[in-house]
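The values are calculated or read from the model by the stated rules, or taken from the named source; none is laboratory data. Computed from a predicted model, the values in this text were never measured in an experiment. Here the Cβ positions follow ideal geometry from the backbone for every residue, glycine too, while neighbour counts run over all protein chains shown.
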């Protein structure tokens, strides 16, 4: 898994990022993972964030990676959201393989309000995440995807 960056945009070696995550987990921290996407004229950009927040330290830190795809399938909202969830699950599973006792929460950029175009997906996405063993948060509690990852899709 290459091309991870710190929240300030500096590239970080994957092994170095894992050491920092391990130290954070050893201190009792919880990991929050979220992915967001944005359609551009000729592609779709996906950004996945691994957020470390909520242990005894004040503040937090995060890492992100971006992927660009030219698939026309991502023009369909349902397909794009499911791809976001897949990126988050892949990242979470990778961390869980390395840290089996890690407390990992996956944040998904979907809403439950009547105005939300993604409201019909909530049950299936929650079921998918629950089925692979992760807690799922949706809007307005899904800050790792809708605030952190979103900032790197531009």
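Numerical summary
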{"item": "Filter result (within 18 Å of residue 89 (Cβ to Cβ) and in contact (Cβ under 8 Å) with a residue 40 or more places away in the chain) within segment 117-136", "result": "118, 121, 125, 128, 129, 132, 134"}
{"item": "Residue within segment 21-35 that is touching a strand residue (DSSP E or B) at 6+ places or on another chain (Cβ under 8 Å), at pLDDT 95 or above, surrounded by fewer than 20 Cβ atoms within 10 Å (Cβ to Cβ) and part of a strand (DSSP E or B) present", "result": "no"}
{"item": "Matching residues in segment 68-82 - criterion: being at pLDDT 95 or above, more than 13 Å from residue 145 (Cα to Cα) and in contact with a strand residue (DSSP E or B) (Cβ under 8 Å, 6 or more places away or on another chain)", "result": "80"}
{"item": "Residue in segment 118-135 that is on the phi > 0 side of the Ramachandran plot, part of a loop (DSSP other than H, G, I, E, B) and in contact with a strand residue (DSSP E or B) (Cβ under 9 Å, 6 or more places away or on another chain) present", "result": "yes"}
{"item": "Yes/no for residue 46 being under 18 Å from residue 154 (Cβ atoms), touching a residue at least 40 places away in the same chain (Cβ under 8 Å) and crowded, with 20+ Cβ neighbours inside 10 Å", "result": "yes"}
{"item": "Single residue of segment 94-112 satisfying the filter (out of contact with any strand residue (DSSP E or B) (no Cβ under 9 Å at 6 or more places or on another chain) and assigned to a helix (DSSP H, G or I)) that is surrounded by the most Cβ atoms within 10 Å (Cβ to Cβ)", "result": "94"}
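Residue-wise test of (1) surrounded by fewer than 18 Cβ atoms within 10 Å (Cβ to Cβ); (2) in contact with a helix residue (DSSP H, G or I) (Cβ under 7 Å, 6 or more places away or on another chain); (3) touching a residue at least 60 places away in the same chain (Cβ under 8 Å).
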site	(1), (2), (3)
60	yes, no, no
74	no, yes, no
78	yes, yes, no
83	no, yes, no
